[in-house]
1. Given the structure, is residue 31 farther than 22 Å from residue 129 by Cα, of a type in the set (Lys, Arg) and in a strand (DSSP E or B)?
2. Among 107, 95, 91, which is open to solvent by 90 Å² or more (accessible area, probe 1.4 Å), closer than 15 Å to residue 132 by Cβ and in contact with a strand residue (DSSP E or B) (Cβ under 8 Å, 6 or more places away or on another chain)?
3. All but one of (1) under 30 Å from residue 140 (Cα atoms); (2) aromatic (Phe, Trp, Tyr); (3) open to solvent by 60 Å² or more (accessible area, probe 1.4 Å) hold for residue 34, so report the exception by its number.
Amino acid sequence: MSITISTINVWVHDQEIALDFWTDKIGFELRSDWTFPEMPGFRWLTVGPKDQPDIEIVLMPIPGAPVFTEEQHDLVEKAMSSGLIGAVFLVTDDVRRDYDTLSAKGVEFYEKPEERPYGIDCGFRDPSGNMVRLAQITMR
């Protein structure tokens, strides 16, 4: 058996804002942008790292009915905006360099690069409030 990761869902408030953030600021590439006539209002939008063509992040708005009730939608939105819906973990070979580059592009970090037992890492949030960690791993 050979099971691999293909796509990971990230809830977003606005797909256009999320697309601009992940492509223009983080440097990922647009992978797919599809709409379907039989599914009005649905847009399948994915981005991914240029050097990892097999991995995509789906930039998905929080659904309403019939997928989520209004209560479920509001609960996910509140948790997401608070940074409580998990995290995206990114790795780099030079976290301080990328911290400076991303900061210059307007990415707002809530935590500067700091030494950890496993390497150096820092944190920021995407425009929807999702937590993103950027790390330089030195322990393998």
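The values are calculated or read from the model by the stated rules, or taken from the named source; none is laboratory data. Since the model is a prediction, treat every value here as computed from it, not as a measurement. No Cβ is skipped: glycine too gets one built from the backbone with ideal geometry, and neighbour counts run over all protein chains shown. In case anyone asks, the SASA skips ligands and DNA or RNA and just uses the protein heavy atoms, side chains included. Shrake-Rupley method; radii C 1.70, N 1.55, O 1.52, S 1.80 Å.
1. So residue 31 fits the description; yes.
2. 91
3. (1)
Residues are listed down the side, and each one gets a yes or a no for (1) in contact with a helix residue (DSSP H, G or I) (Cβ under 9 Å, 6 or more places away or on another chain); (2) touching a residue at least 12 places away in the same chain (Cβ under 8 Å):
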position	(1), (2)
64	yes, no
71	no, no
95	no, yes
99	no, yes
108	no, yes
118	no, yes
123	no, yes
